[in-house]
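Note sheet for the following structure.
The values are calculated or read from the model by the stated rules, or taken from the named source; none is laboratory data. Just so it is clear, the model here is predicted, and its values are computed rather than measured. Methodologically, a virtual Cβ is constructed for each residue, glycine included, from the backbone with ideal geometry; neighbour enumeration extends over all protein chains shown.
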Amino acid sequence: MPNRKYYLAHREELLAKDKVRRKRHPPDREKQKRRNRAWYERNRDRLRELSRTPEAKERKRQKSKLYRQRHLGEERARDRARYPDRKEVAFARFKERYRSEPGYRERINADTAAYQREHKDLKKKWGKKYYDSHRDRESQRKKEAYRKNPEVFSARVRRYRESDPERCVELYRKIGDLRRTRERGAVGWYTRAQWMARVSFYGWKCYYCRVALTLKTLTRDHRIPLSRGGSAWPSNLVPACKKCNCSKHTRTEREFLQLKAAA
């Protein structure tokens, strides 16, 4: 302890002297390596035991975390370069640790849940990007999961319908519309946000008779019908009441407005 107190009190002075000494008498690197290797061989077992203690593991984890925060750009570049060659090994190691190490599963799940709560928009964006690039595989996986556990999926759908029935009605209408679009070989697609923006643009009123609409009375009409070469792009969609939508049938927007004006 006295030596440590002296070192702490005269640290800068001692470091300066050591720096000057090293310049005058450069150390023998090979000799130092041999000395360090010999010391490590003599104390290998003791060092391993010390490194396995919970305190040592936590210190190492915090030290690695701090180093990564300070050198984030370099670490990410290194990880990207190493990942293709180490992908299988790294994933197998993670799975083994996830299954066997006590407390590791709970910590990973808690960290993942916390990150997803803080980055909901980012999670949705990444999920959509992954689904678009693996659409066939994800579709097959969901079909297989439904075949094995239909009760679980049915309960999940039932809970979702009960939580937001109006959104479900609109979603099923959109699914049916897109299905008809594919069957007729038409082009285009739209999102729910784009469709609701069109409805708001027309003031939640029927495009043909100007009657007020609600989510229950709202229907989606194609200005140029799909059967006559129309598309499913948002620009071809208008809100309509059920009466006008059924009366319009396969007429175009101009033909139906002329018919209403003549009636």
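Numerical summary
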| read-out | value |
| --- | --- |
| Subset of segment 1-12 (residues that are among the charged types (D, E, K, R) and exposed (fewer than 10 other Cβ atoms within 10 Å of the Cβ)) | 4, 5, 12 |
| Among the residues listed as 213, 257, 237, the single one being in contact with a Cys (Cβ under 8 Å, 6 or more places away or on another chain) and either assigned by TED's automatic domain parsing to the domain that holds residue 146 or farther than 30 Å from residue 146 by Cβ (or both) | 213 |
| Matching residues in segment 188-245 - criterion: being under 16 Å from residue 257 (Cα atoms), part of a loop (DSSP other than H, G, I, E, B) and of a type outside the set (A, V, I, L, M, F, W, C) | 207, 208, 210, 223, 225 |
| Exclusive hit being free of Cβ contacts under 8 Å to residues at least 60 places away in the same chain and touching an Asp or Glu at 6+ places or on another chain (Cβ under 6 Å), set 215, 178 | 215 |
| Which listed residue is under 41 Å from the mean Cα position of the chain (by Cα), exposed (fewer than 11 other Cβ atoms within 10 Å of the Cβ) and among the polar types (S, T, N, Q), from 62, 32 | 62 |
| Yes/no for residue 50 being of a type outside the set (Val, Ile, Thr) and touching a helix residue (DSSP H, G or I) at 6+ places or on another chain (Cβ under 8 Å) | yes |
| Of all residues in segment 246-263 being assigned to a loop (DSSP other than H, G, I, E, B) and out of contact with any helix residue (DSSP H, G or I) (no Cβ under 8 Å at 6 or more places or on another chain), the one that is surrounded by the most Cβ atoms within 10 Å (Cβ to Cβ) | 249 |
| Some residue of segment 151-169 being of a type in the set (S, T, N, Q) and over 24 Å from residue 128 (Cβ atoms) | yes |
| Test result for residue 172, without any contact (Cβ under 8 Å) to a residue 12 or more places away in the chain, in the same structural domain as residue 230 (by TED's automatic domain parsing) and hydroxyl-bearing (Ser, Thr, Tyr) | yes |
| Where residue 112 falls short, out of the listed (1) at negative phi; (2) over 12 Å from the mean Cα position of the chain (by Cα) | (2) |
| Residues located in segment 163-188, provided they are under 16 Å from residue 237 (Cα atoms), among the hydrophobic types (A, V, I, L, M, F, W, C) and either loosely packed, with under 15 Cβ neighbours inside 10 Å or out of contact with any Ser or Thr (no Cβ under 9 Å at 6 or more places or on another chain) (or both) | 171, 175, 178, 187 |
| Test: residue in segment 196-210 that is in the same structural domain as residue 254 (by TED's automatic domain parsing), touching a Lys or Arg at 6+ places or on another chain (Cβ under 7 Å) and surrounded by fewer than 15 Cβ atoms within 10 Å (Cβ to Cβ) | no |
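One line per residue, one yes/no per condition, for (1) in a helix (DSSP H, G or I); (2) charged (D, E, K, R); (3) surrounded by fewer than 10 Cβ atoms within 10 Å (Cβ to Cβ):
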{"position": "76", "(1), (2), (3)": "yes, yes, no"}
{"position": "83", "(1), (2), (3)": "yes, no, no"}
{"position": "92", "(1), (2), (3)": "yes, no, no"}
{"position": "96", "(1), (2), (3)": "yes, yes, no"}
{"position": "107", "(1), (2), (3)": "yes, yes, no"}
{"position": "117", "(1), (2), (3)": "yes, yes, yes"}
{"position": "124", "(1), (2), (3)": "yes, yes, no"}
{"position": "130", "(1), (2), (3)": "yes, no, no"}
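Residues checked against (1) touching a Phe, Trp or Tyr at 6+ places or on another chain (Cβ under 8 Å); (2) hydrophobic (A, V, I, L, M, F, W, C):
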residue	(1), (2)
169	no, yes
185	no, no
190	yes, no
193	no, yes
230	no, no
237	yes, yes
262	no, yes
